[in-house]
1. Restricting the stretch 26-51 to residues that are small (Gly, Ala, Ser) and free of Cβ contacts under 8 Å to residues at least 24 places away in the same chain, which is surrounded by the most Cβ atoms within 10 Å (Cβ to Cβ)?
2. Write out, first by first residue and then by second, each pair whose Cβ atoms fall under 9 Å of each other, whose residues are 6+ apart or on separate chains, and whose first residue, in the stretch 79-98, is outside any strand (DSSP E or B) and modelled with pLDDT of 95 or more while the second is surrounded by fewer than 20 Cβ atoms within 10 Å (Cβ to Cβ) and small (Gly, Ala, Ser).
3. Modelled with pLDDT of 90 or more and crowded, with 19+ Cβ neighbours inside 10 Å: does that describe VAL183?
4. Listed residues SER176, SER193, SER172, SER216; which is part of a strand (DSSP E or B), among the hydroxyl-bearing types (Ser, Thr, Tyr) and without any contact (Cβ under 8 Å) to a residue 24 or more places away in the chain?
5. So, in the stretch 116-143, exactly how many residues are in contact with a helix residue (DSSP H, G or I) (Cβ under 9 Å, 6 or more places away or on another chain), among the β-branched types (Val, Ile, Thr), assigned to a strand (DSSP E or B) and at pLDDT 95 or above?
6. Hey, can you tell me all the residues within the stretch 141-176 that are under 25 Å from LEU7 (Cα atoms), of a type outside the set (Val, Ile, Thr) and touching a Leu at 6+ places or on another chain (Cβ under 9 Å)?
7. Which residues, taken from the stretch 76-118, are under 15 Å from ARG133 (Cα atoms), of a type in the set (D, E, K, R) and loosely packed, with under 14 Cβ neighbours inside 10 Å?
8. List the number of the failed condition for VAL183; all other conditions in (1) part of a helix (DSSP H, G or I); (2) under 16 Å from the mean Cα position of the chain (by Cα) hold.
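The values are calculated or read from the model by the stated rules, or taken from the named source; none is laboratory data. These figures come from a predicted structure and were not determined experimentally. For neighbour counting, all protein chains shown are included, and Cβ atoms are generated from backbone atoms with ideal geometry for every residue, glycine included.
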Amino acid sequence: MVRVRKLKRPPIAEALVDLRVVPSEGDPIERLSALRDAVASDFTSIQPLQQVQFSLPDLATTGGPVSAGVRLHGYLLKAEGRNRLLQIRRDGLTVNQLPPYPDWAVLRPLALAWLGTYLEHLKPRLIQRVALRYINRIELPSPARVDRYITSFPAPPRGCPKVTTGVWSRISTESSEGGIRAVVTQALEAGSSRDRQTVLFDIDCAREQDAGLEPSDLEAVLEALHDLKNRIFFSSITEAMAKKLDEA
């Protein structure tokens, strides 16, 4: 495996920290509004998130038409200058970090602070899932053999033309203990020009627990997921690719 290290040009198109919960009883709108106000100073704009609900009639008894309604599901907060989004919802929270990626040492404390504020205001019955997802886009020369740069990329069957022009694959794995899962998606896409091609390398790591996760465990869980993400990424690229990403 290539040595895990901080890269000068990480190919991160988006990093996400996601929390899924079982909401507490009752309508949380007032608590969501209080949470919005508590974090609003970190953001430049706020938009409501609406959820459409459908109600199906009991055709065996009353019959009648299908009814639909819209309710407030949460808020989307944007920090334009920092290319950062925060989604706060009835059922959880998502932090979206867009380029330029500031480093895990910056994103981790921010995410933990918002997770703590969410739990303090919403008081959910259960923390179901914590996830960390990194969507990477790696530009390569075209035509070129992808396996010179990506070791985990699917190889074409023998007899095919030498240059691979399109690939899509997804692998899901799960640990025998701890409820940790990883989903790795790879795809080959057209690049920014005719002589370039882009490898999509999407690593989605999560821990789920039926009995619920303790708030005090969130920091350790995120660190474990981040370590797993790094192991997957650096075991999937060649040293030549790592050196390219480490060039100033």
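1. Taking the stretch 26-51 first, the residues small (Gly, Ala, Ser) are 26, 33-34, 38, 40-41, 45.
Right, trim to free of Cβ contacts under 8 Å to residues at least 24 places away in the same chain and you get 26, 33, 41.
Working: GLY26: 8, SER33: 13, SER41: 6.
For the stretch 26-51, the residue satisfying everything is SER33.
2. Final answer for the pair search is LEU98/ALA13.
3. Details: modelled with pLDDT of 90 or more: yes; crowded, with 19+ Cβ neighbours inside 10 Å: no.
Spelling it out, it is not the case that VAL183 is modelled with pLDDT of 90 or more and crowded, with 19+ Cβ neighbours inside 10 Å.
4. Values: SER176 fails: part of a strand (DSSP E or B); SER193 fails: part of a strand (DSSP E or B); SER216 fails: part of a strand (DSSP E or B).
Exactly one of SER176, SER193, SER172, SER216 is part of a strand (DSSP E or B), among the hydroxyl-bearing types (Ser, Thr, Tyr) and without any contact (Cβ under 8 Å) to a residue 24 or more places away in the chain, namely SER172.
5. Applying the first criterion (in contact with a helix residue (DSSP H, G or I) (Cβ under 9 Å, 6 or more places away or on another chain)) to the stretch 116-143 yields 116-124, 127, 130-134, 136, 138, 140.
Filter again for among the β-branched types (Val, Ile, Thr), leaving 117, 127, 130, 138.
This time we only want the ones that are assigned to a strand (DSSP E or B), so: 127, 130, 138.
From what's left, at pLDDT 95 or above: 127, 130.
Here the count works out to 2.
6. ARG148, TYR149, PHE153
7. ASP103
8. For VAL183, the exception is condition (1).
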